[in-house]
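Take a look at the structure set out below.
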Amino acid sequence: IKIGTLEDMDISTLQPLNPIYSKDKNKVYIYGSVLEEADVESFKVFKALNTNDQLYDYGKDKNTVYFDGYSLDRVHPTSFEVIKDKYSKDKNYINRILIIDFINHMRFILYILSFYDYNCLEIFKST
């Protein structure tokens, strides 16, 4: 993740997307810092994942999928969608995020599940 400064923030076009991400006409921001590599025109956010009172979000643009501001390089952005909670899918895989709390130093691991079974997707949608 490459974080930039707020010196060039355009307050007149700034719009909060959710509690984590916001954008103006030039940049995307996470927790108030610039997410340098994000494409502002195509950037959008997905529903929040709330784990142990900690809020996380997926975001994506035309080039990259982000989780809590970190790029998920192995995830295909144009076919990405959240299934439910920690599960998402793209054209190749079903993915699961595992969040580990090392005494409030949060880390996450992206598990790329090696199967792609639409019956499994129905299980996630129905619970």
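The values are calculated or read from the model by the stated rules, or taken from the named source; none is laboratory data. Predicted model, so just to flag it, every value in this text is computed and none were measured. Note: ideal-geometry Cβ built from the backbone for every residue, glycine included; neighbour counts use all protein chains shown.
Here is the figure for the stretch 1-15: residues that are modelled with pLDDT of 90 or more and not aliphatic (A, V, I, L, M) total 3.
The strands (runs of 3 or more DSSP E) falling completely within the stretch 16-127 that include 2 or more residues that are of a type outside the set (Phe, Trp, Tyr) and modelled with pLDDT under 85 map to 44-51, 54-60, 81-84, 94-101, 106-113. Among the residues of the stretch 25-39, how many are touching a helix residue (DSSP H, G or I) at 6+ places or on another chain (Cβ under 9 Å) and buried (at least 17 other Cβ atoms within 10 Å of the Cβ)? Of the residues in that region, 0 qualify.
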